[in-house]
Every structure is written in C-alpha cells, then in structure tokens.
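Engineer: Before we start, here is the structure in question, set down as structure tokens.
The values are calculated or read from the model by the stated rules, or taken from the named source; none is laboratory data. Just so you know, these numbers come straight off a predicted model, no measurement behind them. We place every Cβ from the backbone using ideal geometry, glycine too, and count neighbours over all the protein chains shown. For accessibility, only protein heavy atoms count, side chains too; no ligands or nucleic acids. Shrake-Rupley method; radii C 1.70, N 1.55, O 1.52, S 1.80 Å.
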Amino acid sequence: ESLESCGHIRISAPVVHLGDPITASCSISPNCSHLNQEPQILWQLEDGPKQLGDRQQRLPQGIQESTITLPHLNHTQAFLFCFVQLGNSFQVLDQAELQAGYPPAKPSNLSCLMNLTTSSLICQWEPGPETYLPTNFTLKSFRSRADCQRWEDPVLDCVPEDGQSYCSIPRKHLLLYQNMVIWVQAENVLGTSESLRLCLDPMDVVKLEPPTLWALDFSPDVVPPQPGCLWLRWEPWKPSQFMDQECELRYQAQFSGTSWTQVPHLPSRGHRFELCGLHQALVYTLQMRCIRSLLPGHWSSWSPSLQL
Amino acid sequence: ESLESCGHIRISAPVVHLGDPITASCSISPNCSHLNQEPQILWQLEDGPKQLGDRQQRLPQGIQESTITLPHLNHTQAFLFCFVQLGNSFQVLDQAELQAGYPPAKPSNLSCLMNLTTSSLICQWEPGPETYLPTNFTLKSFRSRADCQRWEDPVLDCVPEDGQSYCSIPRKHLLLYQNMVIWVQAENVLGTSESLRLCLDPMDVVKLEPPTLWALDFSPDVVPPQPGCLWLRWEPWKPSQFMDQECELRYQAQFSGTSWTQVPHLPSRGHRFELCGLHQALVYTLQMRCIRSLLPGHWSSWSPSLQL
Amino acid sequence: PLPLPKSFLLKSLEQVRKIQAKDEVLLEQLCATYKLCHPEELALLGHSLGIPQAPLSSCSSQALQLRSCLRQLHSGLLLYKGLLQALAGISPELALTLDMLQLDVTNFATTIWQQMENLGVAPAVQPTQNTMPTFASAFQRRAGGVLATSHLQDFLGMAYRALRHFAQ
C-alpha cells in the first residue's frame, strides 16, 4: 500500500467470456485523508454514466467497500473506474482494466509443404473465429517411427510471426525420410485448443515446381519431324532432379474451344519426344506437370504454356 | 604440426601493395614419407603454369627449401601453390593466399546534416579510390568546448553498414547546442588515413524542410484582395516550428520566361500576406523557403510550386 | 536373403541421389573458391593428414552381403558425417552447403539404422564416431574438405549400385 492509498479495486476475473457477468469491489481505507467518514463510492465503465454500486457497506477497521456486478461485459476491453465524491468534484480512486473474449477454437485445415529451395517445411492452418484476446499459436511436432504411433524426440516449437497462420520449420530440425507428428496449439487466457494431428514424412509433401518445356528447333543434326508432328524436350525442376518423377503433357489447339488432350506417364526427363496427330495449320498450347513417381508426392502445377 | 606435415609455405607478407614483389619459400621436412631425398619443388600461381623456384637448397636437418620471388603481384587476390613431383603426379604440399591492394586515401567531402524527424546527425563522405582490400570506415567524434580546440569526452564510434559512405549518430549520443569535432577514419591492413575534421553544433546543420504555402480562398470573412493582389498564408515545417526562421518568397509569371521575383525577410509564419503587383491575366508560380534566423543554419529547399 | 521393403529401397536411392547432388555442389564451390579442383593432387597430403576412406567391400557386386553391407553403409555415413563436421568454419560461403550436406548424410544414416533395427540386424549399440583428423592450417582444412567430399562421392556411387542390386 502506498503512503496514503485511498481506494483499490478488486475484480472477480481480469478476463471473462464476452457477455459474461463480472463483479468488482472498491474499498476505501479509513486513513485516506480529505475524505469524510461515509464517502459515497461511485462506478464508471469507460465513458459511461457514473453509477452507484449494488451495495456499499462499512467493513471492520472502518473500510468502506462498494460492490458492483456488470451482468454482461460486452466490451472486449474496457476501463472500470472507482470514484468518490469530494465536495462537488469526483475523484478517481482506482482503475481496473477489464477484458472479454473467447477461448480459441480448434485450428483447422492444417497442411504442410516441403520447400526444396529453402529446405524448410512450411505448415499453414486456419486460426478459427476472432477471440478478441491475445492468442498464441504454436506449431508443435515430434519425430516418430512407423505410422506415428510411437513418438520419439520433440522438435523445437515453431512460433509464427505475430498474427500469421503459418510457420516454417527449418531444415536443421527436420529428419527427412522419417515420419513426424505435427499439430497446432492455440492458447489464450481463457483456454487452449489443438488442431487435428498430421503424420507425414516431409519428403512426401514436397512442393514440386513444374518442369521446363521446350520445342526442339530444326537443325541439321535433328531429323525433322514428320508432318503433323513436333519434337519436344523437357527437364524437371532443378532442385528436384534427385527425385524420380513421372510427367504428363497436355495440349490444345487454340481458338477451337476443344478440350485438352493429355499424354500421361512420360519420363521425368525427355530428350526428344515426338508429338504427332497435330493439324499443321493450327497453333497449339502445350503444358507439362510432374509428380514424384513410386513414392508419395503432390503434382506440380502446370508449366507455363508453350505456344507452337 | 599435424602427424606428418610435409610442406609449408612462408611468404614475405600476406598483403602487399598492388604491383609490388612478393617472396615465398616452401620447405619440405625430411620425415615426409613417400618422398625421395631430393624432391623437385614446383610453384603455381592460381591456375597458371607450374614453374621451378628461383633457388632450391638443402638446409640443415635435411629440409629441402625452394624460394621464389614474384616481381609484380598484379592479382588483388590469388592462391600460390607449392607442389612436389611424386612419380608422374604432382602433389600439392601447401597453399598460401596472397592479397594486394592500396592503403586507404583520405576520405573527402565530409558533411553532416541534423535530421529533426529522426533526431540523428547523418554524416556522409567520399571514400576515395578502390583499395581492393577490406577497408573499415569509422565516423569518430568528440564533444568539445568553444571552437573545438579542447576535446572532451569521445562520442561512440559510428560504424557504417558494409560498403556505405554515411553514418547516423543517434540522438542519445549527441549533445545539442554544443560543438563537436567529427572526422572519418579509414583503415585497412596497409594503412590508416583520416579526413579533415569538422567542428559543428548539430543544431547549426539542421536539414530544414520547406514551409507549406497556401493561397487564401475568398470567403465572407476574408476581405477580398485589391486587384492585382493575392492573399497568401504559410507555415514552417512542423518539426522545426521551435526554431525562429526567416523565409523568402519567389514568384514568376508562367510562360513569360521572366526570372523569379524574390520577396526576402518574411517572418516564418504568415497568417495573411498580401502579394501585389501581379497581372491579373497571368498565371503565377510561387515558392517559398526558410532558414534559421539569427543563428547558423541551411536554407530549406524551395517548397513545391503553388500555381495561382 | 532378408527382404528389403520397396519403400526403403526407393527412399534410400532417392537420398543417395540427393546427397550426391549436394556433394557435387560442394566440390564445385571448393574448386571455385580455393582453386582446389583436383583431388588426385592432394593424395599425399591426405595420407599425411590421415583422411580415412570408408570401406564398402560387402556391398560390391562380387561379394554382396546384405547385413554387413548395411553395417558398412551406416558406419561409412557416420565417418563422412564426422569428416564434414571437421570442416565446419571452413568459410561462410560454403557453410550453408556444408550444413545441408551434413544433415542429409545424417538423415540417410538414420534411414539405414532404422531399417537394420527393423530387420533385427542392428548392433546393440550405435557405432561411435572415429577420431577425426586435426587441421593445422586453413589450407589443410580446405584440402581435407576436398578429399572428404570426393571420397564421399565414390562411396555414394558404390552404395547406389548396391541398393539398385537389392532393388532388382
């Protein structure tokens, strides 16, 4: 207590569910000079009206205490003031900060992608509805064996930057080609929640970039293709060349409104592929995409169009 | 020495002036197995040809030593290899990294400006010709009395970011309204140099932004100006309003090719200034600038043009 | 012979290719940065520094034995992991490639070890790291780096052939 502390507010809880009641008491110690014996205690929420408490009573040792219950705290953040009347002025004795919000919902749609350029595993999720309270999200993970039944050593928590719903686990914390269990934990003063758990090997969720597709120019050493045919060449995305991949070509005549024609199961590297069955007069749009073969993986997006 | 270190290069100096000679010796200890008694020592600079040394001799304790002098080292950075022939292969025994460059010239054109928004003193200089060597620049300063004859306590060295020729001394290291001595020191392995010294009070080198200039609109409470006149209003740049300033107006009829007409010695704040002598039919361009009055300072740049 | 799961073989082959690619990058960077481009010119120095080479005799096609081949593969990977660690601080430019290479070698060693455990052929205790050469100068550390990286490339080539053999 400071030298001559006059008033002090105590509240039932500094943070409550939005709309829940909150009870506060303001007590004035007798040794607060300037005040007459039975000072009238008043309350004010933010810049609302000054109002009497529900009850004011005189406690042992001459302490005056007023108690008030706000039935529904609808401010996510508000100041509650305790006043006393001194002559014709009101004097603030104490101020309490009230907060209201919601406990965090379960983070949803957790998904991860392995970035081969930065060699980091990037996971993102949906945080769920606004809680109006400072809420910390943490991406937690454990190394594990087999299909994630047994957890082994924990990986360092990944804390996203403020307000972001993704986090990047650096290479040095990853054990590639082994499964790991990953989930998101959300926490604020009103509670904690956890997302569903993923069980994945980072190398099975590689974000694959499309291959590079070229048309082979006609040159002396290249046997010209038969009529209605084209020579094509392609190469997988460089950082992924250590992965066995299978690719797919699709082509479509321009302006004819026809749908795409697809050529599946192409090798990841094509030195000279002859595409036939084309109308010589038409211009064709060609695209290619690849996927890890024989092992789990995601399709890359389609490569930029090649016009021929 | 490791288990069985075979060869070792010693050089006259790891860094020399560009074009100067450099002498190196490579000595092979007798306990280097696999080598016959009189191994032939060879030298190679970067990926140049392998060449014999100037002299190879047998030192006491059976050490073989070859010495070579490169008359002019014209590489700013190069690797010098010492080889020995083993059967029909050449084996690298040691490698030395040679560097050549210049000592730093005196940094020139040191100038400083006090930034009132960041409250920091920013000094810039010209570093002088390329030295080809890692060269550190440091902005050094001392607080001082009167006209910088007597130095008092040093201010923390200001180290610019890599490769930059300016440095910003933060507010907490500045003693405003007192003189300080400032200079730049440049240092590399071949020498040190210092710029000329400045003696200044940060507040005498404030970078002043121009005032804001308005034309007064005709409104009921504003007495309309006489024909050929205009009402003007201006305000000094907000962060500098604590400084007494004197301002100057200039105006010029557009498309007449006439030169500017200047109105000097205006107060720093003009509530209602009547500018007369204008041709009603012409459009005029007006600009204003200000300078600290009665105390040292720099003119602000001219304000953006006002077309009337 | 002991059956090796297809996914283990496919993942191992991919890990070898991943390490080979990174190992090649490190060799190129050592050549570009320090003009040390011919490992064969560092044989004498390698001998004097005591840079070890990991044996893969049980993985050669003539004398292929799965159990001891996996063991040699695992201890060889630990050896090169140690050698690469001895190169730490070689230079900032190479640090990133070196770190990534070390992590990939370490992860591949774990893949092999876990498969040995699954097959019940893993020794009771993981082999400890053998003593690493000490480098008395920056040059010796660089030369050691070139030798270790070049030996690792040969080692991976033999490992790849053995794994492909198991996969057929």
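Engineer: Can you give the longest stretch of chain A with no exposed loop site, where a site means chymotrypsin sites (Phe, Trp or Tyr not before Pro) in a DSSP loop (not H, G, I, E or B) with at most 10 other C-beta atoms within 10 Å?
Structural biologist: By the stated rule (loop sites, at most 10 other Cβ atoms within 10 Å), A:1-217.
Engineer: Moving on to the next point. Rg(Cα) of chain B divided by 2.2 N^0.38 Å?
Structural biologist: Normalised Cα radius of gyration, chain B: 1.76.
Engineer: Can you give the charge dipole size of segment C:20-168 about its Cα centre, rounded to the nearest 20 debye, using +1 on the beta carbon of Lys and Arg and -1 on the beta carbon of Asp and Glu?
Structural biologist: With only Lys, Arg, Asp and Glu charged at Cβ, the dipole is about 300 debye.
Engineer: How large is log10 of I(q)/I(0) for segment A:116-232 at q = 0.11, 0.12, 0.20 Å⁻¹ when the intensity is taken from the Debye formula with one equal scatterer per alpha-carbon?
Structural biologist: Taking Cα atoms of segment A:116-232 as identical point scatterers yields -0.52, -0.56, -1.11.
Engineer: Here's something else I'd like to know. Remind me, relative contact order of chain C in percent, using alpha carbon pairs under 8 angstrom and six or more residues apart?
Structural biologist: Reported relative contact order: 41 percent.
Engineer: Ordered by residue, what ³J(HN,Hα) values in Hz, to whole numbers, does segment B:276-288 give under the Karplus form 6.51 cos²θ - 1.76 cosθ + 1.60, where θ = phi - 60° and Gly and Pro are x?
Structural biologist: Once θ is set to phi - 60°, the couplings for segment B:276-288 become 10, x, 9, 7, 4, 6, 8, 9, 10, 9, 10, 9, 9 Hz.
Engineer: Counting only other chains, what is the mean number of Cβ atoms within 10 angstrom of the Cβ of each residue in peptide B:88-95?
Structural biologist: Across B:88-95, the average partner-chain Cβ count within 10 Å equals 6.
Engineer: In addition: Given R₀ = 45 Å, FRET efficiency for A:Gln226-A:Tyr166 by Cβ-Cβ distance, to 0.05?
Structural biologist: Efficiency, from the Cβ-Cβ distance: 0.35.
Engineer: Now for a different question. What list of ³J(HN,Hα) values in whole Hz, one per residue of segment C:61-72 in order, does the Karplus curve 6.51 cos²θ - 1.76 cosθ + 1.60 (θ = phi - 60°) give from phi, with Gly and Pro shown as x?
Structural biologist: 4, 5, 10, 6, 10, 4, 4, 6, 5, 4, 5, 5
Engineer: Length gain on complete extension for the stretch A:Gln40 to A:Leu156, per 0.36 nm per residue less the alpha carbon to alpha carbon distance?
Structural biologist: 36.2 nm
Engineer: Given the C-alpha atoms of the protein assembly as shown, compute the convex hull and give its volume per residue in Å³.
Structural biologist: Convex hull of Cα atoms, per residue: 409 Å³.
Engineer: Net charge near B:Pro71: determine it from the other residues with C-beta under 14 Å of the C-beta of B:Pro71, scoring Lys and Arg +1 and Asp and Glu -1.
Structural biologist: Result for the neighbourhood of B:Pro71: -2.
Engineer: Can you list residues whose amide H is under 5 Å from A:Leu110's amide H, if they're 5+ apart or on another chain and H is modeled 1.01 Å from N?
Structural biologist: Here the answer is A:Glu126, since their amide H atoms fall under 5 Å of that of A:Leu110.
Engineer: Using the C-alpha gyration tensor of segment B:227-305, what are the square roots of 5 times its eigenvalues, in whole angstrom, with the largest one first?
Structural biologist: Equivalent ellipsoid semi-axes, largest first: 25, 13, 10 Å.
Engineer: Enumerate the amide H contacts of B:Ser120 below 5 Å, restricted to partners 5 or more residues apart or on another chain; note that Pro and chain-start residues carry no placed amide H.
Structural biologist: The answer is B:Asn115.
Engineer: How much of the DSSP bridge set in segment B:111-262 is antiparallel, in percent, rounded to the nearest 5?
Structural biologist: Counting only bridges with both partners in segment B:111-262, antiparallel ones make up about 95 percent.
Engineer: Do any residues of segment A:168-212 lose at least 20 Å² of accessible area when the full set of protein chains is present rather than just their chain alone, and if so which, with a 1.4 Å probe?
Structural biologist: Residues passing the criterion (a loss of at least 20 Å², heavy atoms only) are A:Arg171, A:Lys172, A:Leu175, A:Leu176, A:Tyr177, A:Gln178.
Engineer: ³J(HN,Hα) across segment A:176-182 via Karplus (A = 6.51, B = -1.76, C = 1.60, θ = phi - 60°), whole Hz, x for Gly/Pro?
Structural biologist: 5, 6, 10, 6, 9, 9, 9
Engineer: Related question: With +1 on each Lys and Arg Cβ and -1 on each Asp and Glu Cβ, how big is the dipole of chain A about its Cα centre, in debye rounded to the nearest 20?
Structural biologist: Dipole magnitude for chain A comes out near 940 debye.
Engineer: Let me make sure I get this right: for segment B:40-181, a, b and c are the square roots of the gyration tensor eigenvalues over alpha carbons, sorted descending. Under 1.5 in a/c it's rounded, otherwise prolate if a/b > b/c, else oblate. Which is it?
Structural biologist: Since a/c reaches 1.5 and a/b is larger than b/c, the shape of segment B:40-181 is classed as prolate.
Engineer: Please label the shape of segment C:32-112 as rounded, prolate or oblate, based on the square roots a ≥ b ≥ c of the eigenvalues of the alpha-carbon gyration tensor (a/c under 1.5 means rounded; beyond that, a/b larger than b/c means prolate, else oblate).
Structural biologist: It is oblate, given that a/c is not under 1.5 and a/b is not larger than b/c.
Engineer: Using a/c under 1.5 as the rounded threshold, could you call segment C:105-150 rounded, prolate or oblate? The axes a ≥ b ≥ c are square roots of the C-alpha gyration tensor eigenvalues, and prolate needs a/b larger than b/c, oblate otherwise.
Structural biologist: It is prolate, given that a/c is not under 1.5 and a/b is the larger ratio.
Engineer: Put +1 on the Cβ of each Lys and Arg and -1 on the Cβ of each Asp and Glu in the protein assembly as shown; which of B:Phe81, A:Asn136, B:Leu308 then has its Cα farthest toward the positive end of the dipole?
Structural biologist: It is B:Phe81, whose Cα lies furthest towards the positive end.
Engineer: Here's a follow-up. Report the label-to-label distance for B:Thr285 and A:Glu97 in nanometres (one decimal), using points 7 Å from each Cα along the Cα→Cβ vector.
Structural biologist: Once both label points are built, they end up 5.3 nm from each other.
Engineer: Before anything else, pin down the relative contact order of chain B: Cα pairs under 8 Å, at least 6 apart, normalised by residue count, whole percent.
Structural biologist: 12 percent
Engineer: Calculate, for chain B, the solvent-accessible area per residue in square angstrom, rolling a 1.4 angstrom probe over the heavy atoms of the protein chains.
Structural biologist: In whole numbers, chain B has 54 Å² accessible per residue.
Engineer: Could you work out what % of the accessible surface of segment B:201-308 is carbon and sulfur, using a 1.4 angstrom probe and leaving DNA, RNA and ligands out of the count?
Structural biologist: Carbon-and-sulfur percentage of accessible area, whole number: 56.
Engineer: Report the extension gain between A:Asp147 and A:Thr23 in nm, rounded to one decimal, defined as 0.36 nm multiplied by the number of residues separating them, less their alpha carbon distance.
Structural biologist: 39.6 nm
Engineer: In the neighborhood of C:Leu64, defined by Cβ-to-Cβ distances under 14 Å, what is the net charge if each Lys or Arg adds +1 and each Asp or Glu adds -1?
Structural biologist: Net of charged neighbours comes to +4.
Engineer: Just to verify a number: FRET efficiency for B:Asn31 and C:Ala32, C-beta to C-beta distance, R0 = 41 Å, to 0.05?
Structural biologist: Efficiency for this residue pair is about 0.75.
Engineer: For segment A:92-176, with all protein chains present and a 1.4 Å probe, just round the carbon and sulfur fraction of the accessible area to a whole percent.
Structural biologist: Answer for segment A:92-176: carbon and sulfur cover 50 percent of the accessible area.
Engineer: Computed on protein heavy atoms with a 1.4 Å probe, what is the summed buried accessible area for the chain pair B and C, in Å² to the nearest 100?
Structural biologist: Rounded to the nearest hundred, the buried surface is 1600 Å².
Engineer: What whole-number value in Å² describes the accessible area per residue of segment C:1-157 for a 1.4 Å probe?
Structural biologist: 40 Å²
Engineer: Please give me the summed charge of the neighbours of B:Gly163: other residues whose Cβ is under 14 Å from its Cβ, Lys and Arg +1, Asp and Glu -1.
Structural biologist: Cβ neighbours under 14 Å give a net charge of -4.
Engineer: Testing the spin-label approximation: label points 7 Å from Cα along Cα→Cβ at C:Gln65 and B:Thr258. State their distance in nm.
Structural biologist: 10.8 nm
Engineer: Would you work out the relative contact order for segment A:241-308, in percent, from Cα pairs under 8 angstrom that are 6 or more residues apart?
Structural biologist: Once divided by the residue count of segment A:241-308, the mean separation gives 36 percent.
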